[in-house]
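Quick notes on the structure that follows.
The values are calculated or read from the model by the stated rules, or taken from the named source; none is laboratory data. Everything numeric here is computed off the predicted structure, so don't read it as measured data. Cβ placement follows ideal geometry from the backbone for every residue including glycine, while neighbour counts extend to all protein chains displayed.
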Amino acid sequence: MDFDLTEEQRLLKDSIDGLLADLYDFESRRQYMKEKGGWSKAVWGKLAEQGLLGLPFSEAEGGFGGGGVETMIVMEALGKAMAVEPYLPAVVIGGGFLRHAGSEAQKAAHVPGIVDGSKTFAFAQLEKNSRYDLFDITTAAKKKGDGWIIDGEKFVVLNGENADTLIVTARTKGDRRDTTGIGVFLVPANAKGVAKKSYPTQDGLHAADITFTGVEVGADAVLGNAEDGLALIERVVDEARIALCAEAVGLMDESLKTTVEYIKTRKQFGVAIGSFQSLQHRASDMFVAAEQARSMSMFATMAGDFADARERSNAIAAAKVQIGKSAKFVGQQSIQLHGGIGMTMEAKIGHYFKRLTMIENTFGDTDYLQRRVADAGGLI
């Protein structure tokens, strides 16, 4: 199997790496985080100019026509830069729902805005007691004429403060943990009855808790089947997990690079601590863990094209398990080798570890996904 990038993919990698190198350093990231919603509209515009926001959409829709490998390349670069822009919720998740279930009218209404950067999305899925079960939903959508009325609460909605449109999972019938009777709705963020409480998260991003009180939407708000949306949700979340795996690889790459540079210059007893054999062994172990993660990120990317949904989901879950284990090891060793400075807000290495930790806990942590793979008969 050929794992080499094509010429077009190499050009994409060089382009996004160069763009982010110009736009991002540790201090500029601090400034971007102070903007409304916690990210830079100017950087978002640059990503749009490069065609990166249209990456997963077909050329007929005004996009790049890219696939999983192209998304992997972009997410890895965003990880290296520790970028705070909402590529995951807006392009990967929002774009994923529209690509897989959007009607022609829905795509025409929303895709051009994603591509040119004028619209962003947020996925309102997590509930107070649902944890990682995508079917555990109490938010209700009840029929009213041709439309729907939505009531409920969603928590930790990434980009919830700035999003123009919310993608909301809601129960249209059945009980809280039924796997049927689940719909996916496009809800304008400024709709009457939508209330937000925004806050920064531990990794420097921004999220919002959102309450829906009698929010009325039309029939055109439904994505796919209003009573059988779980398969759609699982597919898009699998794509989000793949993207997170790639982002984590970029973060680990940069964590390893930063740590090796540090131990080459930090002196103790008159010599660089990188000359100590025990620390060289630690750095070598970090490299191995990062390369294991890279291999599994590639595997997850390939698994995204599996025709069988169960096989796809289990393979991606297994990949994220290894990503989580590698991320924890690389992050902890990075902090340890930096010593006390690694625990301060002024050192960027701690911020990499925070983001890696948040990725490990997004859409299923290592323990949850490992149990899932084991129940399916896999070995990890």
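Counting the residues of the range 274-309 that are under 21 Å from the mean Cα position of the chain (by Cα) and charged (D, E, K, R) gives 3. Flag set for residue 87, criterion: of a type in the set (Phe, Trp, Tyr), out of contact with any strand residue (DSSP E or B) (no Cβ under 9 Å at 6 or more places or on another chain), touching a residue at least 24 places away in the same chain (Cβ under 8 Å) and crowded, with 24+ Cβ neighbours inside 10 Å. Of the strands (runs of 3 or more DSSP E) contained entirely in the range 139-254, those carrying at least 2 residues that are in contact (Cβ under 8 Å) with a residue 40 or more places away in the chain and among the acidic types (Asp, Glu) fall at 147-158, 206-217.
Within the range 101-160, the set of residues being aromatic (Phe, Trp, Tyr) and out of contact with any strand residue (DSSP E or B) (no Cβ under 7 Å at 6 or more places or on another chain) comprises just one member, 132. The residues on offer are 347, 374, and the sole one that is over 30 Å from residue 25 (Cα atoms) and either surrounded by 14 or more Cβ atoms within 10 Å (Cβ to Cβ) or not β-branched (Val, Ile, Thr) (or both) is 374.
State all residues of the range 108-128 that are of a type in the set (Asp, Glu) and either over 28 Å from residue 177 (Cα atoms) or touching a Cys at 6+ places or on another chain (Cβ under 8 Å) (or both); if no residue qualifies, say none. If the condition is that a residue be of a type in the set (Asp, Glu) and either over 28 Å from residue 177 (Cα atoms) or touching a Cys at 6+ places or on another chain (Cβ under 8 Å) (or both), then 116 is the only one that fits.
Residue 105 satisfies every condition listed in (1) out of contact with any His (no Cβ under 8 Å at 6 or more places or on another chain); (2) under 30 Å from residue 177 (Cβ atoms); (3) aliphatic (A, V, I, L, M) except (2). Quick one: would you say residue 57 is within 29 Å of residue 316 (Cα to Cα) and in the same structural domain as residue 166 (by TED's automatic domain parsing)? For residue 57, the condition - within 29 Å of residue 316 (Cα to Cα) and in the same structural domain as residue 166 (by TED's automatic domain parsing) - is not met. Taken together, 294, 241 contain a single residue that is surrounded by 15 or more Cβ atoms within 10 Å (Cβ to Cβ), under 23 Å from residue 183 (Cα atoms) and not small (Gly, Ala, Ser), which is 241. For residue 257, the conditions (1) modelled with pLDDT of 95 or more; (2) under 30 Å from residue 339 (Cβ atoms); (3) of a type in the set (D, E, K, R); (4) surrounded by 15 or more Cβ atoms within 10 Å (Cβ to Cβ) all hold with the exception of (4). For the range 209-259, the set of residues classified as in contact with a Gly (Cβ under 7 Å, 6 or more places away or on another chain) and at positive phi consists of 214 only. Between 114, 93, 137, 73, which is within 29 Å of residue 319 (Cα to Cα), among the β-branched types (Val, Ile, Thr) and outside the structural domain of residue 17 (by TED's automatic domain parsing)? Being within 29 Å of residue 319 (Cα to Cα), among the β-branched types (Val, Ile, Thr) and outside the structural domain of residue 17 (by TED's automatic domain parsing) holds for just one of 114, 93, 137, 73, which is 137. Inside the range 124-154, residues that are crowded, with 17+ Cβ neighbours inside 10 Å and within 16 Å of residue 209 (Cα to Cα) make up a count of 10. Among residues of the range 97-122 being of a type in the set (A, V, I, L, M, F, W, C) and in contact (Cβ under 8 Å) with a residue 60 or more places away in the chain, the one that is surrounded by the fewest Cβ atoms within 10 Å (Cβ to Cβ) is 105. The residues of the range 327-380 that are among the acidic types (Asp, Glu) and either within 23 Å of the chain's Cα centre (by Cα) or modelled with pLDDT of 95 or more (or both), listed by number, are 360, 365, 367. Between 167, 182, the distinction of being under 21 Å from the mean Cα position of the chain (by Cα), more than 21 Å from residue 369 (Cα to Cα), at pLDDT 95 or above and not hydroxyl-bearing (Ser, Thr, Tyr) belongs to 167 only.
The residue that is farthest from the chain's Cα centre (by Cα), among those in the range 198-233 that are acidic (Asp, Glu) and within 20 Å of residue 136 (Cβ to Cβ), is 227.
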